[in-house]
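**Q** The structure's right below; bear with me while I get my questions together.
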Amino acid sequence: MQQTSEGHRLRSRTIGFVPTMGALHEGHISLIKRSKSENDITVVSIFVNPTQFGLNEDFDKYPKETDSDIQKLEEAGVDTLFMPDASNMYPDGFSSSITVGGLDSKLCGEFRPGHFSGVATVVCKLLNITRPARAYFGQKDFQQSVIIKRMAADLNIDCQIVVCPTIREGDGLAKSSRNSYLSAEQRAAALVIYRALNTGAEMIRAGEKDAGAVKKQMNDMLAAEPLVSEVQYASVYDPATLDELAEVKRETLLAVALRIGSTRLIDNMLVSL
Ligand code: PAF
């Protein structure tokens with residue numbers, strides 16, 4: 001992969017890079033389309049990164065759909081698929097790790113200790129291997145995108161981090177590889193996330209300044225859905241610092257993480273006034 005990238009760079013071709021863990025859906029394809037429109041070459045990686053999963057998380061059951069993924073990448077006109085295995089990424093003796101202090105302990109970080117170090121380290125490695133001009137991430141993983149932007153700036157990684165809009169199902173549920181874990185009943189219940197985010201956004205657009213009132217309304221809606229087994233967070237945040245807000249700002253992030261059964265789902269909405 002490093003040699004392939006170097007060949008493109010020597011020919012002055014720009015590389016766009018879309019890192020994924022496979023089980024590709026329209027969200028990933030939208031990132032690929034954006035990359036293709038902005039670069040000469042598009043590289044996609046598929047690597048289910050073990051170091052970003054906690055002990056009791058879904059690493060072992062994470063969906064693996066390599067054949068259909070490859071077909072989707074061919075149809076999307078991707079130039080190169082990079083599919084390393086764990087022993088190449090983390091050979092014996094591997095001992096480095098990137099911590100993006102502060103940002104990584106908020107929101108999901110509180111419930112997934114070590115997760116963002118795993119993400120930052122693997123993304124740094126993938127960027128060093130593929131050396132892209134631009135790398136594409138979805139807004140659905142908002143905190144991940146903030147952390148990766150911070151890491152790229154702090155470590156002088158010469159790559160533009162591009163964050164693309166969340167792609168949703170027709171009824172509003174954010175596309176996610178983990179949606180496949182949901183039963184039909186749970187899938188219907190999961191819509192409460194989009195409804196709560198929309199209600200929060202409407203309150204803000206209608207002039208609500210009290211972030212506590214928005215948070216309460218969102219949490220009341222989520223609590224009213226019987227299939228929601230745990231709300232990890234649902235509140236109003238500063239999109240730059242990820243701090244919880246007492247008062248709505250010009251740019252406000254509404255974000256939710258919850259479980260339906262054992263499936264953990266996240267979603268968010270940016271509201272600009
Ligand atoms: O968003 C994901 O799919 C993963 O966190 C990423 C960026 C591919 C790193 O493993």
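**Q** Can you tell me which residue in segment 223-248 is nearest to ARG187 (Cα to Cα), limited to those that are open to solvent by 30 Å² or more (accessible area, probe 1.4 Å) and among the small types (Gly, Ala, Ser)?
**A** Across segment 223-248, the extreme among qualifying residues is SER229.
**Q** Please go through segment 240-273 and pick out each residue that is more than 15 Å from the chain's Cα centre (by Cα) and polar (S, T, N, Q).
**A** THR241, THR252, SER262, THR263, SER272
**Q** Can you say whether LYS149 is touching a Leu at 6+ places or on another chain (Cβ under 6 Å), modelled with pLDDT of 95 or more and away from the ligand (no atom under 12 Å from the Cβ), as far as the supplied structure shows?
**A** No; evaluated as a whole, the condition is false for this residue.
**Q** Just checking, does segment 112-125 include any residue being surrounded by fewer than 18 Cβ atoms within 10 Å (Cβ to Cβ), over 13 Å from the mean Cα position of the chain (by Cα) and in contact (Cβ under 8 Å) with a residue 40 or more places away in the chain?
**A** yes
**Q** Please work out which residue is farthest from LYS215 (Cα to Cα), limiting yourself to segment 249-264 and to residues that are open to solvent by less than 10 Å² (accessible area, probe 1.4 Å) and of a type outside the set (Gly, Ala, Ser).
**A** THR263
**Q** Does ARG168 meet the test of being within 23 Å of TYR136 (Cβ to Cβ) and open to solvent by 40 Å² or more (accessible area, probe 1.4 Å)?
**A** yes
**Q** What do you reckon, is SER180 open to solvent by 50 Å² or more (accessible area, probe 1.4 Å) and in contact (Cβ under 8 Å) with a residue 40 or more places away in the chain?
**A** yes
**Q** For the list (1) out of contact with any Cys (no Cβ under 7 Å at 6 or more places or on another chain); (2) open to solvent by less than 60 Å² (accessible area, probe 1.4 Å); (3) within 16 Å of the ligand (Cβ to nearest atom), I need the number of the one condition that GLY102 fails.
**A** Unmet condition: (3).
**Q** Considering only segment 92-165, give the helices (runs of 4 or more DSSP H) lying wholly within it that have at least 2 residues that are among the charged types (D, E, K, R).
**A** Answer list for segment 92-165: 142-154.
**Q** If you don't mind, another one. Test of understanding: among ILE167, ILE157, ILE129, which residue is within 16 Å of the ligand (Cβ to nearest atom) and under 19 Å from the mean Cα position of the chain (by Cα)?
**A** That would be ILE167, the only listed residue that is within 16 Å of the ligand (Cβ to nearest atom) and under 19 Å from the mean Cα position of the chain (by Cα).
**Q** Still on this structure: Among the residues of segment 14-31, what is the count of those that are within 14 Å of the ligand (Cβ to nearest atom), among the β-branched types (Val, Ile, Thr) and either closer than 13 Å to THR130 by Cα or touching a Ser or Thr at 6+ places or on another chain (Cβ under 6 Å) (or both)?
**A** 1
**Q** Just one of (1) open to solvent by 30 Å² or more (accessible area, probe 1.4 Å); (2) in contact (Cβ under 8 Å) with a residue 12 or more places away in the chain trips up ILE148, so point out which.
**A** (1)
**Q** For a quick check of your reading of the model, give me the residue pairs whose first member lies in segment 133-144 and is near the ligand (Cβ under 9 Å from one of its atoms), whose second is charged (D, E, K, R), with beta-carbon atoms closer than 7 Å and at least 6 apart or on different chains.
**A** LYS140/ASP267
**Q** Could you list, in sequence order, all residues of segment 159-172 that are in contact (Cβ under 8 Å) with a residue 24 or more places away in the chain and not hydroxyl-bearing (Ser, Thr, Tyr)?
**A** CYS159, GLN160, ILE161, VAL162, VAL163, CYS164, PRO165, ILE167, ARG168, GLY172
**Q** THR51 fails exactly one of the following numbered conditions: (1) near the ligand (Cβ under 10 Å from one of its atoms); (2) open to solvent by less than 40 Å² (accessible area, probe 1.4 Å). What is the number of that condition?
**A** Here THR51 meets the rest and fails (2).
**Q** Regarding SER12, is this residue small (Gly, Ala, Ser) and in contact with a strand residue (DSSP E or B) (Cβ under 7 Å, 6 or more places away or on another chain)?
**A** Taking the combined requirement at face value, the residue does not satisfy it.
**Q** Regarding ALA86, is this residue closer than 15 Å to ASN49 by Cβ, within 13 Å of the ligand (Cβ to nearest atom) and open to solvent by 40 Å² or more (accessible area, probe 1.4 Å)?
**A** When the stated conditions are applied, ALA86 passes them.
**Q** Suppose the filter is surrounded by 15 or more Cβ atoms within 10 Å (Cβ to Cβ) and touching a Gly at 6+ places or on another chain (Cβ under 6 Å); does ILE204 pass it?
**A** No.
The values are calculated or read from the model by the stated rules, or taken from the named source; none is laboratory data. Please read these numbers as outputs of a predicted model, since none were measured by experiment. For neighbour counting, all protein chains shown are included, and Cβ atoms are generated from backbone atoms with ideal geometry for every residue, glycine included. Surface accessibility is based on the protein's heavy atoms, side chains included, excluding ligands, DNA and RNA. Shrake-Rupley method; radii C 1.70, N 1.55, O 1.52, S 1.80 Å.
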